[in-house]
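Structure first, then comments.
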């Protein structure tokens with residue numbers, strides 16, 4: 001399997017401004033919102049979320065069959081769908097997956113007065129699948145989901161294929177009073193993952209103060225979860241739109257220092273990296 005990241009920001013796309021360009025500001029991580037491609041093999045792929053990164057993915061893919069798994073329906077996770085080129089191809093089939101019924105909400109995004117082309121007028125065939133646990137999305141490829149604490153609810157997904165496991169877990173917040181039952185479910189969901197992609201939008205300090213109840217996690221919380229669950233590689237994801245490259249690098253440096261301290265209590269090695277557009281990870 002192989003992961004490719006097409007959008008790694010949270011909340012809203014963040015293109016460079018004119019002021020940034022005049023300052024020759026570095027822009028390593030990218031500004032598109034959530035979209036991650038998982039190639040199972042040369043013929044089958046899963047797309048996690050349809051943020052603005054989905055547009056660029058659609059511009060670079062020739063396949064006719066597409067499988068889009070949505071974590072939730074906040075704008076930064078669906079705003080790329082109307083600009084996904086395969087949606088307008090008569091030979092394409094677009095499959096949408098979610099634990100709830102979502103067809104009417106995807107249609108609403110592309111209805112008057114929000115968008116000039118209705119969802120039904122696009123030329124592709126559209127299918128909506130309401131997920132069940134241990135869903136076999138392709139032969140030999142199973143997917144499970146976990147409901148997460150986030151405004152309006154979000155869902156995490158694990159995919160297992162040929163003994164390898166990846167977890168896509170964005171948009172969640174674990175407050176100090178989080179229940180042991182939920183922690184146990186999360187640990188089981190993450191258990192022994194080869195790669196886990198986790199929301200790390202804010203600093204740990206901000207999640208306890210100015211950004212509490214905003215529905216997002218921090219790198220330090222993510223590290224704790226992954227160490228306890230035996231995850232091999234953790235990818236920090238859903239970067240704050242107000243975070244510059246320098247901010248993200250600073251967070252990663254602090255996260256690495258924290259991991260070094262925590263590793264003294266654990267025997268399972270954990271690799272960490274901050275997601276950026278174009279990042280590819282072979283599993």
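The values are calculated or read from the model by the stated rules, or taken from the named source; none is laboratory data. The structure presented is a predicted model; accordingly, all values stated were derived computationally and were not measured. Cβ placement follows ideal geometry from the backbone for every residue including glycine, while neighbour counts extend to all protein chains displayed.
General remarks:
- Yes/no for residue 87 being part of a strand (DSSP E or B) and either in contact (Cβ under 8 Å) with a residue 24 or more places away in the chain or exposed (fewer than 14 other Cβ atoms within 10 Å of the Cβ) (or both): no
- If only residues of segment 263-278 that are in contact with a helix residue (DSSP H, G or I) (Cβ under 9 Å, 6 or more places away or on another chain) and modelled with pLDDT of 95 or more are counted, the one that is farthest from residue 74 (Cα to Cα) is 270.
- Scanning segment 38-55 for residues that are in a loop (DSSP other than H, G, I, E, B) and closer than 24 Å to residue 118 by Cβ gives 49, 50, 51, 52.
- Against the numbered list (1) out of contact with any helix residue (DSSP H, G or I) (no Cβ under 6 Å at 6 or more places or on another chain); (2) surrounded by 15 or more Cβ atoms within 10 Å (Cβ to Cβ); (3) modelled with pLDDT of 95 or more, residue 110 comes up short only at (1).
- Residue check, residue 209 out of contact with any helix residue (DSSP H, G or I) (no Cβ under 9 Å at 6 or more places or on another chain), loosely packed, with under 13 Cβ neighbours inside 10 Å and within 22 Å of residue 177 (Cα to Cα): yes
- Among residues of segment 5-30, those that are under 24 Å from residue 71 (Cβ atoms), touching a residue at least 24 places away in the same chain (Cβ under 8 Å) and assigned to a loop (DSSP other than H, G, I, E, B), counted: 8
- Unmet criterion (only one of (1) out of contact with any helix residue (DSSP H, G or I) (no Cβ under 6 Å at 6 or more places or on another chain); (2) surrounded by 23 or more Cβ atoms within 10 Å (Cβ to Cβ)) for residue 51: (1)
- Residue in segment 233-245 that is more than 19 Å from residue 9 (Cα to Cα), modelled with pLDDT of 95 or more and surrounded by fewer than 20 Cβ atoms within 10 Å (Cβ to Cβ) present: yes
- Residues (touching a strand residue (DSSP E or B) at 6+ places or on another chain (Cβ under 7 Å) and within 19 Å of residue 212 (Cα to Cα)) located in segment 157-174: 169, 170, 171, 172
- Looking across segment 56-81, the residues that are touching a helix residue (DSSP H, G or I) at 6+ places or on another chain (Cβ under 7 Å), crowded, with 21+ Cβ neighbours inside 10 Å and not in a strand (DSSP E or B) come down to 58, 70, 71, 78, 80, 81.
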